[in-house]
Amino acid sequence: MIVLDTRKYNYVRLHGYVPLRTTSADILIKPLHFPNLFVLESEALFSMLALKSGRLITARNLHRNLRPVITSQRSRQISTYNVDIAGLTEEQAEFRNAVAEFAERELAPRAAQIDKSNNFPSDVWEKLGDMGLLGITVSSKYGGLDLGYFYHTLAMEELSRASGSVALSYGAHSNLCVNQIHRHGTDAQKQKYLPDLIAGKKVGSLAMSEPGSGSDVVSMSLRADKIDGGWKLNGNKFWITNGPTASTLVVYAKTAPERGSKGITAFIIENTFEGFSTHQKLDKFGMRGSDTCELVFDNCKVPEENVLGQVNKGAGVLMSGLDLERLVLSGGPLGLAQAAFDYAVEYVHDRKQFGQPVGTFQLMQGKIADMYTSINASRAYVYAVARACDRGQISRRDCAGAILYSTEKAIEVALEGMQCLGGNGYINDYPMGRILRDSRLYAVGAGTQEIRRMLIGREFNEQFKSS
């Protein structure tokens, strides 16, 4: 892949053009994941296309092969995201803008209805695949972008800003399922499962929790017994994101129950396997567009080649995945907090009482200042941890700390944003209630706030015990 350096190369930046092809027959603008012509509505989206195509696209060999199109103007809520303070490179900023514009176009107008209907919009999966967002951390050999966890966190943040529930399902698919298969799967498993998952043709999920084992996940009771040619699974999984629609699931089960955490194995399950089924879809308080249900394994037969990693070594797969899960999902609270703040700060400068915008009153100024600084402090921590992970410096305490802090601040900002809207903040014609309900998920999902605090404290206990 060629990473375009805009300081060195003059690649084209355009509004409102459709690229057809270059004058050179061997350089096509349209990369593999974009089989149809479509409108480039921003320079950021064009930059992302250039990055995905892996080729240098220059202005000189394009100008004669472009045709203008008419694009509609959409009203758009302001964004107070500060790229300079966030410390993004030019390429990272362009990537973020591309995701933000996609989310604004495809998700934001539907967010309220998604929440109301309690249904994930199924057409979004292939659109996410076309954008390349379902395989950000995956090798290009399997159709991924070959980027890191920082980019993945940026995508999670921007999708969450438009729709928290769509972003949660996206995170479960792209990180909990796709990334785990990419990290621990055999080449045959990757070749079989990743291309369709990355293209959005199939939906992925991960199943750890059970009715009787949530925070104490290693106490799981789903059992896998050895049979000729594979394994037979019996038991249940609960609170499974994407469960109702997933075709490919990473599932943890006990292959040697007497060995406790050292007797867990990870499996790749297909929803067509004999003995696999789903039960009722859950009616949740928030994240309502993120389909969630119970999984049932009744003598579910799994081929030997579908063991992910090594037999009885699943706890290591699980725990290492949890660190990266906490990091990437930290982008969710960031996006929700940003959405709440952007809406609130615009509202308080439009709404007038006593002959002036309510945002000019000192008490409201105080709220604005507190919300803004909370968001930026959260973002600075999350981004720092993401950059460290990309350097291979994965810190369990800081992955837990990033989602702990960003979650607390997102809930606080959503509550303050609701207060800024007064009575309107309490009615469902405005988005604050949905944002608050969605943000609450992160206080219990991907581990509770209490477990995160325990992990951080335990890490320090271990550090001082060995010193």
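The values are calculated or read from the model by the stated rules, or taken from the named source; none is laboratory data. Just so you know, these numbers come straight off a predicted model, no measurement behind them. Virtual Cβ from ideal backbone geometry, glycine too; neighbours counted across all protein chains shown. Areas reflect the complete protein model, heavy atoms only, side chains present, ligands, DNA and RNA absent. Shrake-Rupley method; radii C 1.70, N 1.55, O 1.52, S 1.80 Å.
Give the residue, chosen from Phe297, Phe273, Phe285, that is over 26 Å from the mean Cα position of the chain (by Cα) and farther than 19 Å from Ser221 by Cβ.
Working: Phe297 fails: farther than 19 Å from Ser221 by Cβ; Phe285 fails: over 26 Å from the mean Cα position of the chain (by Cα).
Exactly one of Phe297, Phe273, Phe285 is over 26 Å from the mean Cα position of the chain (by Cα) and farther than 19 Å from Ser221 by Cβ, namely Phe273.
Scanning the range 266-286 for residues that are outside any loop (DSSP other than H, G, I, E, B) and among the hydroxyl-bearing types (Ser, Thr, Tyr), which turns out surrounded by the fewest Cβ atoms within 10 Å (Cβ to Cβ)? If you could, list the steps in order and put the result at the bottom.
Of all residues in the range 266-286, those outside any loop (DSSP other than H, G, I, E, B) come to 266-270, 276-281.
Keeping just the survivors that are among the hydroxyl-bearing types (Ser, Thr, Tyr) gives 277-278.
Values: Ser277: 12, Thr278: 17.
Of everything passing the filter in the range 266-286, Ser277 is surrounded by the fewest Cβ atoms within 10 Å (Cβ to Cβ).
Summed over the range 386-409, residues that are open to solvent by less than 70 Å² (accessible area, probe 1.4 Å) and either within 20 Å of Gln449 (Cα to Cα) or in a loop (DSSP other than H, G, I, E, B) (or both) total 15. Within the range 117-154, the set of residues being within 30 Å of Ala380 (Cβ to Cβ) and aromatic (Phe, Trp, Tyr) comprises Tyr149, Phe150, Tyr151. If you check Ala188 against the conditions, is it surrounded by 24 or more Cβ atoms within 10 Å (Cβ to Cβ) and either touching a residue at least 40 places away in the same chain (Cβ under 8 Å) or of a type in the set (Ser, Thr, Tyr) (or both)? No: the conditions fail for Ala188. Within the range 156-174, can one find any residue that is modelled with pLDDT of 95 or more, among the aromatic types (Phe, Trp, Tyr) and surrounded by fewer than 24 Cβ atoms within 10 Å (Cβ to Cβ)? The answer is no; no qualifying residue exists. Among residues of the range 224-252 that are closer than 13 Å to Val307 by Cα and free of Cβ contacts under 8 Å to residues at least 24 places away in the same chain, none has a beta-carbon under 6 Å from a residue that is part of a loop (DSSP other than H, G, I, E, B) and open to solvent by less than 20 Å² (accessible area, probe 1.4 Å) at least six positions away or on a different chain.
For the range 287-335, filtering for residues that are crowded, with 24+ Cβ neighbours inside 10 Å, in contact with a strand residue (DSSP E or B) (Cβ under 7 Å, 6 or more places away or on another chain) and part of a loop (DSSP other than H, G, I, E, B) leaves 2. Kindly evaluate Ile451 against the criterion of being open to solvent by less than 60 Å² (accessible area, probe 1.4 Å), in contact with a Gly (Cβ under 7 Å, 6 or more places away or on another chain) and more than 20 Å from Met156 (Cα to Cα). No: the conditions fail for Ile451.
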